[in-house]
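The values are calculated or read from the model by the stated rules, or taken from the named source; none is laboratory data. Note that the coordinates shown come from a computational prediction; the quantities given were computed from them, not determined experimentally. Quick reminder, even Gly has a Cβ in these numbers, built from the backbone with ideal geometry, and neighbours come from all protein chains shown.
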Amino acid sequence: MLGEYPIQGRGAAEIAASVERAVGAGELLPGQSLPPMRELADRLGVNPNTVAAAYRTLRERGVIETAGRRGSRVRPKPATTGREELRVEVPAGGRDLSEGNPDPALLPRLAPALAAAAEEGDRRPVLYGGDPIDPGLVRLARAELDAGGVPDGPVTVTSGSLDAIERILTAHLRPGDAVAVEDPGWGSVLDLVPALGLRIHPVGVDDEGPRPEELRRALESGARALIVTDRAQNPTGASVTAPRARALRAVLREHPATLLVEDDHGHGIVDLPLHPLAGVTRHWALVRSASKAYGPDLRVAVLTGDPVTVDRVRGRQRLGPGWVSLLLQRAVARLWSQGAVDRAAVAKAYGARRDGLVDALAERGVAAHGRSGMNVWVPVPDETGAVARLLQSGWAVAPGTRFRVASPPGVRITVSTLTEEDIGRLADAVAAAVRPSPARVHG
């Protein structure tokens with residue numbers, strides 16, 4: 001079961017550290033089973049409660065997971081180690097459509113905005129004890145939040161969406177609490193939740209967002225929080241419609257103690273309207289990142305929410321990094337205020353590439369999903385085979401297992417750099433890799 005690697009230790013901390021070292025070193029692999037607690041206790045000559053405590057620590061750290069009678073195993077993406085196990089090696093001369101990056105040609109030049117922000121910093125140096133939030137960025141963010149129908153609330157700044165989501169969850173939840181998450185959904189969230197010692201309760205997604213009945217079941221089963229992507233859902237491209245938003249708000253209204261976290265990372269690259277869910281639960285937050293529209297390296301996201309949630313996020317942030325660099329905040333504010341990104345043109349460009357691929361696949365009898373954003377989700381009967389055949393054709397796509405909990409297999413294709421000439425060739429390769437039935441299927 002464990003090959004030649006011996007788990008060692010006499011105390012729970014020592015046993016947990018031994019397993020964690022092995023995972024980090026690659027001696028225990030993702031998905032590998034661990035011994036039953038009594039068996040390991042007999043082997044080490046310790047009380048079974050000691051092993052149980054070690055396993056509990058490892059679960060809380062996101063290193064292992066427990067699958068009922070099947071016992072415990074190393075998580076598919078353990079928090080202890082890097083996420084390299086599920087990366088696809090792109091062949092020489094191949095195209096990488098697996099990473100989910102924006103098109104560099106559609107990103108603005110950062111040098112002028114950063115230079116202007118640096119000059120302002122020279123005139124008014126940022127020192128300890130100063131205001132950690134740029135008021136210009138807050139004004140811009142609040143105006144657009146108001147225009148999108150987001151309830152009034154204080155605004156703060158975090159180092160990207162995932163940083164915000166982590167701080168929001170830890171502000172309200174405790175290890176063992178369950179979180180309703182989209183399935184398929186953003187792989188980083190699926191890793192983060194168990195790494196915080198929380199439990200995942202998957203909620204199915206269609207093109208209009210999370211399915212209300214599945215959300216209801218999750219909340220009735222005890223989920224204390226919901227994380228939902230409003231637009232450009234990763235990996236499916238789902239976007240919450242007005243009717244779906246009403247249905248989801250009706251479910252949340254029945255569970256007002258639910259912590260609601262909305263991720264609107266598609267802001268700036270989509271042309272579909274926002275239909276926020278906030279306003280029916282006591283604690284809520286909505287996050288908007290600058291990464292997709294202005295560049296992943298900016299690491300700036302604005303967050304609004306109820307006063308208690310925002311205050312807790314700010315307080316915990318003060319005890320860690322302190323604040324997000326004002327240099328970056330001012331640069332984003334300048335890019336935003338000066339219209340450095342033609343949002344309509346960017347949304348149109350991504351939409352043409354996404355719709356072009358979805359339509360081309362439909363013509364070849366392959367169902368696909370991609371209502372918004374820069375990704376297309378293709379259901380497949382066999383992920384491993386589909387990914388391997390596409391690699392042989394020179395196309396690297398992301399295996400769906402990065403994004404799934406209980407949903408059926410699929411692959412994610414990032415369309416951000418596709419050209420018109422690429423679409424037909426890629427669709428042919430996908431059709432051959434998926435091996436669809438002759439009947440035409442519409443996504």
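Could you go through the range 46-59 and let me know if any residue there is at pLDDT below 80, assigned to a helix (DSSP H, G or I) and farther than 30 Å from Thr419 by Cβ.
no
Please find, among Val251, Val203, Val228, Val179, the residue that is at pLDDT 95 or above, under 23 Å from Pro102 (Cβ atoms) and surrounded by 20 or more Cβ atoms within 10 Å (Cβ to Cβ).
Testing whether each residue is at pLDDT 95 or above, under 23 Å from Pro102 (Cβ atoms) and surrounded by 20 or more Cβ atoms within 10 Å (Cβ to Cβ) leaves just Val228.
Is it the case that Val203 is among the β-branched types (Val, Ile, Thr) and either in contact with a Phe, Trp or Tyr (Cβ under 9 Å, 6 or more places away or on another chain) or in the same structural domain as Gly400 (by TED's automatic domain parsing) (or both)?
It is false that Val203 is among the β-branched types (Val, Ile, Thr) and either in contact with a Phe, Trp or Tyr (Cβ under 9 Å, 6 or more places away or on another chain) or in the same structural domain as Gly400 (by TED's automatic domain parsing) (or both).
If we keep just the residues of the range 357-387 that are farther than 13 Å from Val430 by Cβ and small (Gly, Ala, Ser), which is surrounded by the fewest Cβ atoms within 10 Å (Cβ to Cβ)?
This residue is Ser372.
Look through Leu286, Leu277 and report the one residue that is modelled with pLDDT of 95 or more, buried (at least 16 other Cβ atoms within 10 Å of the Cβ), in contact with a Phe, Trp or Tyr (Cβ under 9 Å, 6 or more places away or on another chain) and not assigned by TED's automatic domain parsing to the domain that holds Arg402.
Step by step, each of Leu286, Leu277 is checked, and only Leu277 is modelled with pLDDT of 95 or more, buried (at least 16 other Cβ atoms within 10 Å of the Cβ), in contact with a Phe, Trp or Tyr (Cβ under 9 Å, 6 or more places away or on another chain) and not assigned by TED's automatic domain parsing to the domain that holds Arg402.
Regarding Pro321, is this residue surrounded by fewer than 20 Cβ atoms within 10 Å (Cβ to Cβ) and at pLDDT below 95?
So Pro321 fits the description; yes.
Could you check, for the range 402-417, whether at least one of its residues is of a type outside the set (Lys, Arg) and more than 24 Å from the chain's Cα centre (by Cα)?
no
Does Val366 meet the test of being within 22 Å of the chain's Cα centre (by Cα), among the hydrophobic types (A, V, I, L, M, F, W, C) and not in a helix (DSSP H, G or I)?
Judged against the criteria, Val366 is not a match.
For Ala427, all conditions in the list (1) modelled with pLDDT of 95 or more; (2) outside any helix (DSSP H, G or I) hold save one; what is the number of the exception?
(2)
What helices (runs of 4 or more DSSP H), lying completely within the range 109-190, carry at least 2 residues that are farther than 25 Å from Glu65 by Cα and charged (D, E, K, R)?
Fully inside the range 109-190 and qualifying: 111-123, 135-147.
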